[in-house]
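Notes follow the structure.
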Amino acid sequence: MQDVFDFWWIIYATIAVVIFVKLRSVLGQRTGRERPPYDPYSARDAVRPSTNDNVVALPGRAAELVPKPADAAAPADRWSGIAEPGSPVAAGFDAIAREDKSFDAKHFLTGARAAYDMIVTAYAAGDRKQLKNLLGKEVYDGFEAAIKTREQKGETVETRFVAIDGATLTAAEQRGKTAQITVRFQSQLVSVTRAKDGSVIDGNPDAVTDVTDVWTFARDVSSRDPNWKLVATEAGQ
């Protein structure tokens, strides 16, 4: 009987050791460095670690303790090729850039040239939909009234750009949340107005005319809409 008891005791002990080893391999052992269980609710309020190794952010006061980097001084030639350093136009660009960090004067000028071509062409074609996307309300109302009068008379306008010789930024300012920039366009185009019967009543289909326009564009810098709209027009000298 003693031999039988010893035999079964050895078997039970062996099984216990095997079970212990397996549990240890699956669950591992605590070393004191384990991460706490993930809490999806507390994660929402977690403070992001500072990218500055010398700053320790305290929970709930990170915004107060981490100093905001000072704005780098704008270089004097930041508007080089667009506006003279120290000029009113350059000062206007600085004011706009302070409100709209993405403002790029050269990019604006490229867009203004394209808009000039599109607006003149759309006006000649009576394309109200295109104009509405590019014009401020007052300017659109004036253009739309002229198109309506032309249509009532049965008149048509044919306009073709030969070239845009120049586009100069002449004024810039920030009024509250509205940025305004004025551009002086010098262009060459062929334009003719025809009566209902096709006869020419204004312009010359075979002559190139030099045209100067002074247009003012505006944009609400607090808006997500990146587009500028034409808000004022006048004929230049």
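Just so you know, all these numbers are worked out from the coordinates, no wet-lab data involved. Note that the coordinates shown come from a computational prediction; the quantities given were computed from them, not determined experimentally. Glycine also receives a Cβ, built like all others from the backbone with ideal geometry; neighbour counts cover every protein chain displayed.
Taking θ as phi - 60° and the Karplus parameters 6.51, -1.76 and 1.60, the scalar couplings of region 111-119 work out to x, 5, 4, 5, 5, 4, 4, 5, 5 Hz in sequence order, x denoting glycine and proline. When the C-alpha to C-alpha distance is required to be over 20 Å, the pairs from K137/K177; K106/K229; K101/K132; K101/K129; K101/K177 that qualify are K101/K132; K101/K129. A simple rule links phi to the HN-Hα coupling: the Karplus curve 6.51 cos²θ - 1.76 cosθ + 1.60 with θ = phi - 60°, which for region 207-218 gives 10, 8, 10, 7, 10, 10, 10, 10, 10, 10, 10, 9 Hz, with x for Gly and Pro. This model, with +1 at the C-beta of Lys and Arg and -1 at the C-beta of Asp and Glu, gives region 100-237 a dipole about its Cα centre of some 520 debye.
Close amide H partners of L135, meaning residues 5 or more places away or on another chain with modelled amide H under 5 Å apart, are L230.
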